[in-house]
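Right, one structure below, let's go through it.
The values are calculated or read from the model by the stated rules, or taken from the named source; none is laboratory data. All values reported here derive from a predicted model rather than from experimental measurement. Here the Cβ is made from the backbone with ideal geometry for all residues, glycine too, and neighbour counts use every protein chain on show.
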Amino acid sequence: MTAPFDPGLQVERTSLAWTRTALALALAGAVVTRLTFDRLGVVAVTLGLVAVGSAVATATLAGVRYRRATVSLGQSGTLPTDGAVLALASASALAAGVAAAVFVMWGMLDA
């Protein structure tokens, strides 16, 4: 029989950190959409929806990952890992970044 995992709050803190990160990414996506809408129109809305949608999926998946990790640590003492949360957070940041880059490049063409 293996010893139980450390009952500290590491897994919970990680989940809360991912939730805060997802909230910040959703806010960034919404702000970029608002600032670029006048110039980019439908492109800004599309990229904004991708950014905010990916951020919401990141928060949801972080919660699922927290519950799965808690159960796994309690039963077998191992931590299941995957890169899905990081991939979704990266997609959200990338969508907001692309919208901002297109906005800047579009402004340079007008000048």
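Is it the case that some residue within the range 47-55 is part of a helix (DSSP H, G or I), of a type in the set (Ser, Thr, Tyr) and modelled with pLDDT of 90 or more? Yes, because at least one residue in the range 47-55 is part of a helix (DSSP H, G or I), of a type in the set (Ser, Thr, Tyr) and modelled with pLDDT of 90 or more. Say whether the condition of being β-branched (Val, Ile, Thr), within 27 Å of ALA28 (Cα to Cα) and without any contact (Cβ under 8 Å) to a residue 24 or more places away in the chain is met by at least one residue in the range 94-103. No, the range 94-103 has no match at all. The residues of the range 26-50 that are touching a residue at least 60 places away in the same chain (Cβ under 8 Å) and either among the aromatic types (Phe, Trp, Tyr) or closer than 25 Å to VAL11 by Cα (or both) amount to a single one, ALA26. Scanning the range 39-50 for residues that are buried (at least 16 other Cβ atoms within 10 Å of the Cβ) and either closer than 15 Å to SER90 by Cα or among the basic types (Lys, Arg) (or both) gives LEU47, GLY48, VAL50.
Condition check ((1) closer than 17 Å to SER15 by Cβ; (2) surrounded by 14 or more Cβ atoms within 10 Å (Cβ to Cβ); (3) acidic (Asp, Glu)) across all residues:
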{"site": "VAL52", "(1), (2), (3)": "no, yes, no"}
{"site": "LEU73", "(1), (2), (3)": "yes, yes, no"}
{"site": "SER76", "(1), (2), (3)": "no, no, no"}
{"site": "GLY83", "(1), (2), (3)": "yes, no, no"}
{"site": "ALA89", "(1), (2), (3)": "yes, yes, no"}
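The conditions of being at pLDDT below 90, surrounded by 19 or more Cβ atoms within 10 Å (Cβ to Cβ) and not hydrophobic (A, V, I, L, M, F, W, C) are met by THR36.
Tell me, please, whether a residue that is surrounded by fewer than 18 Cβ atoms within 10 Å (Cβ to Cβ), modelled with pLDDT of 85 or more, of a type in the set (A, V, I, L, M) and assigned to a helix (DSSP H, G or I) can be found in the range 4-16. Yes, some residue in the range 4-16 is surrounded by fewer than 18 Cβ atoms within 10 Å (Cβ to Cβ), modelled with pLDDT of 85 or more, of a type in the set (A, V, I, L, M) and assigned to a helix (DSSP H, G or I).
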